[in-house]
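The values are calculated or read from the model by the stated rules, or taken from the named source; none is laboratory data. Bear in mind that the values here come from a model prediction, so they are computed numbers and not experimental data. When we count neighbours, we look across all protein chains shown, and the Cβ atoms used for this are built from the backbone with ideal geometry, even at glycine. We work out accessible area using only protein heavy atoms, side chains counted, and drop any ligands, DNA or RNA first. Shrake-Rupley method; radii C 1.70, N 1.55, O 1.52, S 1.80 Å.
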Amino acid sequence: MSDRGGSDGPAGGEVRPYDWSWTDGEPGYELPEIDTTRPSIARVYDAGLGGKDNYPVDRAVIEEARKISPAAVGSARVNRDLLIRGVRHLAEQGVDQFLDLGSGLPSAQNTHEVAQAVNPDARVVYVDNDPIVLAHGHALLARNPNTRVITADLLDVEGVFGHPGVAGFLDFSRPVGLVLLAVIHHVRDDEDPVGVVNAYKDRLAPGSHLFISHFCSSFPEARALEGVLLKALGRGQLRTLEEIGGFFDGFELLDPGVVPLPLWRPDEPVNEPLDHSGLMMAGGMGRKPADRTVPG
C-alpha cells in the first residue's frame, strides 16, 4: 500500500542491480530526530515493501493490512511500475522538469532515475513533509545537480512554489510534470483535496501534465483497509473512480482515462481479472490545454 515502492526490475521484467549510493548520508550529516512511537506514512510504505527504514510500530500497520488482504499490500509495486511508465512517457514527449509531491522514501527507479535515463538534463524536485525523506535524499543534493529534495507540506501550495529548492530551479513558464502518486488519498475531505490540486494546476503552464494514483473503493475489503490506515495514520481515504477523475477537471485526460493502475498503458499484456494489488489504486494522466482555465 505504498506510494513509493522499490521494484525488482524495470517494467519489462529484466532484473538488474541498482545504484543506491545517492541515498547514502554524507559523512557528518546529522539525521533529524525521528519519533519511533508513532507510525509515519513514509515508513509504513517502506515496511510494506520489506524495506529497512521503518520501525515495529510501522510494521504493525502492514501486518494489520495483511490480515485483510495480503495482495493489496502488493499494490506498492504496481504503483512503482505505473510511475516508470508514466514518467518515461512524459520524458519521451519532451517534458524535462518534474515536481514530485509526497515522494516518500527514496527507492529504486524513482522519478529522477526514469526521467534522466531519457534526458540527463531533466530536473526533478521531490517534496515530502517527513524529515526522514530529506535525510535519506541528502546525498542526492550533492551528487545530482539536476535533482533536489525538500521538506514542505503539499497543502501549503504557496510555500512549495516559493521554496528556494523549487523557485528558480523549475521554470513554471514551461511545461512541468506534476506527480501526485498515492498521495492525494492522504488529504482528508475537510482539507479540500480538489481545491489543493486545482491550486497546483492553476500554477502550471499549458502543456503541463498531472499524474495521479489514488486508493480506490473497488472491492469490499478496501474499506476495511481504509479503516486500518485511518486508525493508525489518521489518513488514507478511498475515493471512487468518479471522484478520482474529478481531480483532472479542466485537463485533457490521456487514454485510457482513469483506470486501475495495471490497465494504464501497460508494457505487457495484463492478466485479468485483476487481484487486489491491481484494484487497490486507480489513476491516470491529464494534460493542461492552452485554451482552458482550471476551475477555481
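Data for the structure
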item	result
Test result for VAL183, over 14 Å from MET280 (Cα atoms) and among the β-branched types (Val, Ile, Thr)	no
Identity of the residue in the range 260-291, in a helix (DSSP H, G or I) and closer than 14 Å to ARG85 by Cα, that ends up least open to solvent (accessible area, probe 1.4 Å)	LEU261
Residues (of a type outside the set (A, V, I, L, M, F, W, C) and over 22 Å from GLY94 (Cα atoms)) located in the range 116-136	ASP128, ASN129, ASP130, PRO131, HIS136
Exclusive hit being modelled with pLDDT under 90, out of contact with any Phe, Trp or Tyr (no Cβ under 7 Å at 6 or more places or on another chain) and farther than 18 Å from SER208 by Cα, set ASP81, ASP46	ASP46
Selection from the range 163-180 of residues that are over 18 Å from SER208 (Cβ atoms) and within 21 Å of the chain's Cα centre (by Cα)	HIS163, GLY165
Conditions (1) at pLDDT 95 or above; (2) surrounded by 22 or more Cβ atoms within 10 Å (Cβ to Cβ); (3) part of a helix (DSSP H, G or I); number of the one not met by ASP100	(3)
Residue that is out of contact with any strand residue (DSSP E or B) (no Cβ under 6 Å at 6 or more places or on another chain) and under 27 Å from LEU253 (Cβ atoms), where the choices are ALA91, ALA71, ALA47	ALA91
Scope the range 230-259; condition more than 15 Å from HIS214 (Cβ to Cβ), touching a helix residue (DSSP H, G or I) at 6+ places or on another chain (Cβ under 7 Å) and open to solvent by 30 Å² or more (accessible area, probe 1.4 Å); matching residues	ALA232, LEU233, PRO256
Condition check for GLY94: modelled with pLDDT of 80 or more and more than 21 Å from HIS276 (Cα to Cα)	yes
Residue within the range 282-295 that is modelled with pLDDT of 95 or more and among the basic types (Lys, Arg) present	yes
Any chance ALA71 is open to solvent by less than 30 Å² (accessible area, probe 1.4 Å), hydrophobic (A, V, I, L, M, F, W, C) and either closer than 24 Å to GLU268 by Cβ or at pLDDT 75 or above (or both)	no
Pair list, Cβ < 7 Å and 6+ apart or interchain, from the range 221-248 residues that are within 15 Å of SER40 (Cβ to Cβ) to residues that are open to solvent by 50 Å² or more (accessible area, probe 1.4 Å) and in a loop (DSSP other than H, G, I, E, B)	LEU229/ARG235; ARG235/ARG188
Test: ARG223 is basic (Lys, Arg), modelled with pLDDT under 95 and outside any helix (DSSP H, G or I)	no
